[in-house]
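Beneath this line is the structure, given in structure tokens, with notes to follow.
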Amino acid sequence: MALKAIGNGVGGACHMTPRACLHPKSSLSLRMVERKESEKEMGPSPSSSNPQDQFKGLRSGDLEKNARALTRDCNALPKPLSSMDCLTSSDGSAIRVAYQGSPGSFSEDAALKAYPHCVRVPCEHFEVALKAVELWHVDRAVLPIENTSVGSIHRNYDLLLSHRLHIIGEVQIKVDLCLLALPGAKKEDIQRVFSHLQAFQQCEKSISDLKAIRINFEDTASAAQLIAERGMRDAGAIASARAGELYGLKILQNKLHDEDANITRFLVLSREPILPKTYGPFKTSIVFTLEEGAGMLFKALAVFALRNINILKIESRPLRTSPLRLVDDLNHGTAMYFEYLFYVDFEASMAETRAQNALGHLQEFSKFLRVLGCYPVDTLL
Ligand SMILES: O=C(O)C(=O)C[C@]1(C(=O)O)C=C[C@@H](O)C=C1
């Protein structure tokens, strides 16, 4: 009976395998194993040939006390991860996501779409958000990369290369822009409008009739916050309706964006890449430079066409570290060409042989090639 209780304490109550329970703190269980080990080497000691003998002279109360002590020891030990523990982190509850701007910004919307239960960490600049991931202050960062109305956010392409992070996802956010002002303010009172440069560009036509000066701000939500905090009656902010609610501003005009579909695509960045799958829609983002020579860009893109891989996007940026290439032409002297970095998104997963072969082939023409990430396509708005 007592032996059974001890057996349960080791193997059952602490929900671990017997060996996993052997923590230095658990002196009783450690002593028992030491004894078992020495018995293996030297044979059972005369006093313990019958397992029950060791309990001779002990009262049943003592046995229960021992059993309880052992159970307490085991319960104090770290528990192995269960599938439930994994579930809590997969819904994003423990994930800290950095974004540029203030609460109410579109970047915060992107963080929430990527990880609905995440802890959002506002950052002053995109660089700060990326650095925060690199320095382990947060787990992820979201970075806007392009918009359907105004195109690529070039500076953020450069940031992808200057930080050693991996793209592990993308999210697309509908950017509904509103003109916000203090309660009681009228449209004709507005002398100054604050917003993010991208937001101004997205509603260029709609705001051309506003006789107000435009003031660029770090992000749309900070613009709304400024007006609310300073009680600026002659100022408006172009931001989301959610930012209006957060900072107590009212909407003077909604749907300010010029195009009906005004969607910004954000990248989700992490220190570690994800394991790509072969099923489901996946994208891969790469950046490369090309060797000199005729038709190099054509050849580079052909590596995808040859394998029936759809190229989704190409962006070129100046190669700042070595921006110029001198080419001697005997008849016309020395020509100076600009050097570029090419960013390409293609529709395939790095787990697919055709994608691996395409990149192997591309390496034949490129001086530099880096896979920025392979991630599932965001299909829902
Ligand atoms: O200012 C914000 O609210 C942001 O999240 C930044 C940002 C951007 O940088 O493009 C994000 C989405 C919109 O396109 C407008 C601005």
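The values are calculated or read from the model by the stated rules, or taken from the named source; none is laboratory data. Here the structure is a predicted model, which means the values were calculated and not measured. For neighbour counting, all protein chains shown are included, and Cβ atoms are generated from backbone atoms with ideal geometry for every residue, glycine included. The protein model used for the area step is the full one, side chains on, heavy atoms only, and it has no ligands, DNA or RNA in it. Shrake-Rupley method; radii C 1.70, N 1.55, O 1.52, S 1.80 Å.
Some values worked out for this structure:
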{"quantity": "Test: residue in the stretch 164-186 that is in a loop (DSSP other than H, G, I, E, B), in contact (Cβ under 8 Å) with a residue 24 or more places away in the chain and under 30 Å from L275 (Cα atoms)", "calculated": "yes"}
{"quantity": "Contacts under 7 angstrom Cβ, first residue in the stretch 307-326 being over 14 Å from L341 (Cα atoms), partner open to solvent by 50 Å² or more (accessible area, probe 1.4 Å), 6 or more apart", "calculated": "R307/R354; R307/N357; I309/E347; I309/R354; N310/E347; L312/E347; L326/T334; L326/M336"}
{"quantity": "Qualifying residue in the stretch 202-219 (condition: in a loop (DSSP other than H, G, I, E, B), within 16 Å of the ligand (Cβ to nearest atom), under 17 Å from L256 (Cα atoms) and in contact with a Phe, Trp or Tyr (Cβ under 7 Å, 6 or more places away or on another chain))", "calculated": "no"}
{"quantity": "Index of the failed condition, L301 passing every other in (1) aliphatic (A, V, I, L, M); (2) open to solvent by less than 40 Å² (accessible area, probe 1.4 Å); (3) away from the ligand (no atom under 12 Å from the Cβ); (4) touching a strand residue (DSSP E or B) at 6+ places or on another chain (Cβ under 7 Å)", "calculated": "(2)"}
{"quantity": "Pairs with Cβ under 6 Å, 6+ apart, first in the stretch 350-378 and at positive phi, second among the polar types (S, T, N, Q)", "calculated": "G373/S285"}
{"quantity": "Enumeration of residues in the stretch 112-143 that are open to solvent by 60 Å² or more (accessible area, probe 1.4 Å) and under 12 Å from V268 (Cα atoms)", "calculated": "K113"}
{"quantity": "Answer from G231, G248, G280 - the residue that is surrounded by fewer than 16 Cβ atoms within 10 Å (Cβ to Cβ), within 25 Å of the chain's Cα centre (by Cα), away from the ligand (no atom under 16 Å from the Cβ) and in contact (Cβ under 8 Å) with a residue 40 or more places away in the chain", "calculated": "G280"}
{"quantity": "Selection within the stretch 360-376 - open to solvent by 40 Å² or more (accessible area, probe 1.4 Å) and within 16 Å of S349 (Cβ to Cβ)", "calculated": "V371, P376"}
{"quantity": "Helices (runs of 4 or more DSSP H) lying entirely in the stretch 43-151 (those with 3 or more residues that are among the polar types (S, T, N, Q), modelled with pLDDT under 65 and away from the ligand (no atom under 15 Å from the Cβ))", "calculated": "60-76, 83-90"}
